[in-house]
């Protein structure tokens, strides 16, 4: 989850294409770091 391992040779990693560019990685931590936050309307009330 935090660092790549040799115990899963079948797992090649993940990749995603977005408007901002592409991202790829092998760990869950890299996947969580690559998430872009949604835009929130700041001019509207809660």
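Taken together, the values in this text are just the output of simple stated rules run on the coordinates, not laboratory data. Quantities reported herein were computed from a predicted structural model and do not represent experimental measurements. Positions of Cβ are backbone-derived with ideal geometry, glycine not excepted, and every protein chain shown enters the neighbour counts.
What the table shows:
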read-out	value
First in segment 21-46 and more than 18 Å from residue 10 (Cα to Cα), second anywhere and assigned to a loop (DSSP other than H, G, I, E, B), Cβ under 7 Å, 6 or more apart	23/34; 29/1; 29/2; 36/18; 36/20
Residues of segment 16-46 satisfying the condition of being surrounded by 10 or more Cβ atoms within 10 Å (Cβ to Cβ) and assigned to a strand (DSSP E or B)	16, 23, 24, 25
